[in-house]
Each structure stands twice: as C-alpha cells, then as structure tokens.
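In what follows, a structure is listed as structure tokens, so that the remarks can point back to it.
The values are calculated or read from the model by the stated rules, or taken from the named source; none is laboratory data. Just so we're clear, the structure is a prediction, and the values are computed from it rather than from any experiment. Methodologically, a virtual Cβ is constructed for each residue, glycine included, from the backbone with ideal geometry; neighbour enumeration extends over all protein chains shown. These area figures cover heavy atoms from the full protein model, side chains too; ligands, DNA and RNA do not enter into them. Shrake-Rupley method; radii C 1.70, N 1.55, O 1.52, S 1.80 Å.
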Amino acid sequence: MTRTRFTCRLAALVAAFVLTGPLCAAAVTADGVAALDAGVPAARELAIRDALRQAAISQGAQLDATQLLDSGNVSEASTLTAPALRGKVQVLNEYAEDGLYHVKIAVAGGAASAKHADPACAMPAGRALRRRLVTSYFDVSHPDEAPDMPDLATALPTELARRLSANPSFAVRNANRLTVLPQATISEPATGWNTVREIGRREDAQFVVSGRVLSTAVTGKGLRPTLFESNNTSQQGAYYTGPFAGLLGGAIKYQPTERQFDAELWVYDALTGALLANERISELGQGDVMPRPVLPFASAGFWQTDYGRAVDRALQRVTQRVADVIGCIPFSARVARVESGNRVYINAGGLDGLSPGDRLLLYKPLSSSTIRAAGNGRELGIPESLSGDVSVIQVQPNFSIGIANRARLRVEEGDYLRLVPHR
C-alpha cells in the first residue's frame, strides 16, 4: 500500500468516526407517570424521576429494588446500577389525566456523554445547595498503639471537618466530643441510629460522619544509623550500644520503619438515622513513621513526615467517599415552625443556597410506624409519606419562609422538606 493510499484510508476512518459521533451521543427519551394525590408540583417531580429510571433502564441499567408506598406511589428507595445517564434533562411534554401526571423527557447525550453530571442529581443553575454535615468523635480501638497521637479521637474529626468544608456543597460542623456509639469498640455502627438522629437535631445537620480508628500499629522495624542523637531508651524500639555505637556521638537504632493507618468510615442520614456507608480505609506508611520529637496530629510538620503522608492519603479517600455517598441524595431541611396552618418556617436559608421561588417536597415522618427487624427487634428507621409541596417566598441567611400547597396531611414542626430542582 502506498503512503498516499494509506493516508486516504486513515482520513476516511477519522471522518467516519467524527460523523458517527453525534449518533452515539443521541438524546435518550422516556415517559414517566405519578399520582396527583399530593398536588401537581410533587407529582411532576415524581413523574420526572420515574422517567429518569425508565431512561436508565433503556440504556442497560438494572433496577435492583423498588419500595411501593401510599397506594402505589413509587418511593425514593429504587436503586439503579450502571450505566448512569449523563446530560441535561428536557421535559418534552407533560399533562394531567385521570388522577395521574404524565411527562415525556429527553436526556441530552444519554449514557455516552461523561462531561455532564447525573441528571438525577440536578441542582439549581448557578448555585450550590449546601448539605449540612457534622463530624463526630472517632473511637480509637487501640490507644496504646498511638502514644504520639493522644488526641487522635477528637483531632481526626476536626481535620475531617476542615477538609470537607472545602467542598462548596457542604456546610460542616465539628462535634468532635459527641459519640455515636457508647461502646464503639464492641457495637455495630447501625445500632447508633437513634443517637445519630439526636445529634442531627442538636446540630441541625442532614448527615453525620463518624467512625473508628482500628489500628495505628507498627508493622515493620529496621536498623537505622544516626549521628548525634540520644540513645534514649524510653523511645519505642531497641538500640545497639556495642562497639563503635557511640562513634562521633552516633548510634544505630532498631526502630519502626513501617506503620499502618486502618479506620472505618460511617456516614449516616441524620433525619432517619440510617447508616448510608460503612467502609474501611487503610494506608501504609514507610520510612520514619514515629519521628522525634512528637509532632501534633494534623500540624504542618506532621504532614511532612512519612506517616503523616500516609494518613493524608487515607483522609483524602475518606473525604472523597463522603462526597460520593451523599452527592446524589436530595438537599433536605426541616419545618421549624408552622403558622396559620400553611405558613412554614424552614431551618435552611440563603447560606444553604435556597432562593425565593424554590419548591420543596413535603414529607410526613410516620413516627408511630417505626420499622423493626424481624427476630431481634432492632429499629431500622421511620417511614414517611409524601404530603405536598412548599413554595419558598422569603429567604433569610439561616432560615426561610414558605407556603405549604395542598398538603394532604397536617403540616407540623419536624416534617421533612426536599428540594424540587428546576427542570
């Protein structure tokens, strides 16, 4: 094949790839439906979510589970596995008929476009709604392994709060003295759900982040020659003091050269107490992993040590996992006060990203219907019922005022609110 013919064929292949590209990124369309029991805004949002599920399934996603509540209304418990849809949602058609609300949507780019966020996680354009998080006490299972980090249980959540605060979607509070589990070393994280709900109420948070440090143990030791260092045998390790050990003030130390950081991360929904994530994060530090003098945990000097760099990698993973776990969970707030039956005060305001004109779905927690596990009777959580929607009419920095529209159930303090994105 001549060079000219090869070039022509290559150009043809490139042209074919370019021309067929838009076809691969064609919009995905789907229909959705929802009951009108709780009003048009609520029904419209649920119908769009139903359409998004149908669109995802048409692209190869698998519907793992669906929970049906309130005479067939589909709840938010449905779980889809990849591939996820990526692109902007456009409502092509919508209408109400026979007590049902119908929508037809198009997702631009479908599953082929990776540069757009998941449409199920839609946020208002040009602003971030800040989910409220609180970090709490991390129990240290073996404090004897961390004599150089005596305040690890409280310093760790403080540092985690600082890192999470860098995310514009989070408003983070540090409650490093509050513990989720009274006996963290022997209790299962899920058993702390009631305490989590109390922490959420006390700290006015949507999520609680906690965990436990399983180990900071030394996993390897080795000989290291030193000059002009003290042979202080109170330091961890063993020391060679034989011939030539003191030459020029030096010594040969048998000291830690490898050390692990092993922790569990727990992420809770503070409204229900549900455990959203229970994951293990482990990193291994190698080198000078117990430097002298002791450096305070999370200090600038600590991060420059070999062990500090390992802990830094672990906390980077923790921070990313928290963002991944709660990234698509709708922004939620609570009704703080009710006046004249339908005028509601909301415990979130301008600092949280709300604006006049926003709509939020209104849910009633059914506290008299606590769900318990079969066999051991452990409380699993509290179901809720979609009641209507709330229109925000006034926004202050820390609270908002809204009007409840066509609420099926009496609006009360403590009811949940979840944002309806503009679509």
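When the range 289-334 is examined, which residues are found to be part of a helix (DSSP H, G or I), open to solvent by less than 60 Å² (accessible area, probe 1.4 Å) and without any contact (Cβ under 8 Å) to a residue 60 or more places away in the chain? Full working, then the answer.
Filtering the range 289-334 down to residues part of a helix (DSSP H, G or I) leaves 300-303, 306-326.
Adding the requirement that they be open to solvent by less than 60 Å² (accessible area, probe 1.4 Å) leaves 301-303, 306-308, 310-312, 314-315, 318-319, 322-323, 325-326.
Those that are part of a helix (DSSP H, G or I), open to solvent by less than 60 Å² (accessible area, probe 1.4 Å) and without any contact (Cβ under 8 Å) to a residue 60 or more places away in the chain: 301, 302, 303, 306, 307, 308, 310, 311, 312, 314, 325.
So residue 263 passes all but one of these: (1) within 25 Å of the chain's Cα centre (by Cα); (2) at pLDDT below 95. Which condition number does it fail? Residue 263 satisfies every listed condition except (2).
You will find that of 158, 135, the residue that is under 21 Å from the mean Cα position of the chain (by Cα), among the hydroxyl-bearing types (Ser, Thr, Tyr) and outside any strand (DSSP E or B) is 158 and no other.
Among residues of the range 354-366 that are among the polar types (S, T, N, Q), none has a beta-carbon under 7 Å from a residue that is in a loop (DSSP other than H, G, I, E, B) and open to solvent by 20 Å² or more (accessible area, probe 1.4 Å) at least six positions away or on a different chain. Of all residues in the range 404-413, how many are over 13 Å from residue 41 (Cα atoms) and either more than 30 Å from the chain's Cα centre (by Cα) or of a type in the set (Val, Ile, Thr) (or both)? Qualifying residue count, the range 404-413: 4.
Take the residues in the range 266-288 that are of a type outside the set (D, E, K, R), buried (at least 18 other Cβ atoms within 10 Å of the Cβ) and more than 30 Å from residue 362 (Cα to Cα), then tell me which one is farthest from the chain's Cα centre (by Cα). Spell out the reasoning first.
Our first condition is that a residue be of a type outside the set (D, E, K, R); within the range 266-288, this holds for 266-268, 270-278, 281-282, 284-287.
Of the ones still in play, those that are also buried (at least 18 other Cβ atoms within 10 Å of the Cβ) are 266-268, 270-273, 275, 281, 285.
Next cut, more than 30 Å from residue 362 (Cα to Cα) only: 281, 285.
Working: 281: 15, 285: 27 Å.
If we take residues in the range 266-288 being of a type outside the set (D, E, K, R), buried (at least 18 other Cβ atoms within 10 Å of the Cβ) and more than 30 Å from residue 362 (Cα to Cα), then 285 is farthest from the chain's Cα centre (by Cα).
Within the range 344-365, restricting attention to residues that are open to solvent by 50 Å² or more (accessible area, probe 1.4 Å) and touching a strand residue (DSSP E or B) at 6+ places or on another chain (Cβ under 6 Å), the residue that is modelled with the lowest pLDDT is 359.
Would you check if there is a residue in the range 206-221 being modelled with pLDDT under 90, farther than 30 Å from residue 416 by Cα and in a strand (DSSP E or B)?
yes
Within the range 373-384, can one find any residue that is of a type in the set (Val, Ile, Thr), crowded, with 16+ Cβ neighbours inside 10 Å and modelled with pLDDT of 90 or more? Before you say what the answer is, go through the steps one by one.
Within the range 373-384, the subset of a type in the set (Val, Ile, Thr) is 382.
Retained after the next criterion (residues that are crowded, with 16+ Cβ neighbours inside 10 Å): 382.
Checking which are modelled with pLDDT of 90 or more leaves us with none.
No, the conditions are met nowhere in the range 373-384.
Among residues of the range 166-181 that are at positive phi, none has a Cβ under 6 angstrom from a residue that is open to solvent by 70 Å² or more (accessible area, probe 1.4 Å) at a sequence gap of 6+ or on a separate chain. Considering each residue of the range 143-165, count those that are touching a strand residue (DSSP E or B) at 6+ places or on another chain (Cβ under 6 Å) and in contact (Cβ under 8 Å) with a residue 24 or more places away in the chain, and give that number. Number of matching residues: 8.
Of all the residues that make up the range 387-414, how many are farther than 21 Å from residue 350 by Cβ and of a type outside the set (S, T, N, Q)? Spell out how you get there, then give the answer.
From the range 387-414, those farther than 21 Å from residue 350 by Cβ are 387-388, 405-414; that's our starting set.
From what's left, of a type outside the set (S, T, N, Q): 388, 406-414.
The number of residues fulfilling the criteria is 10.
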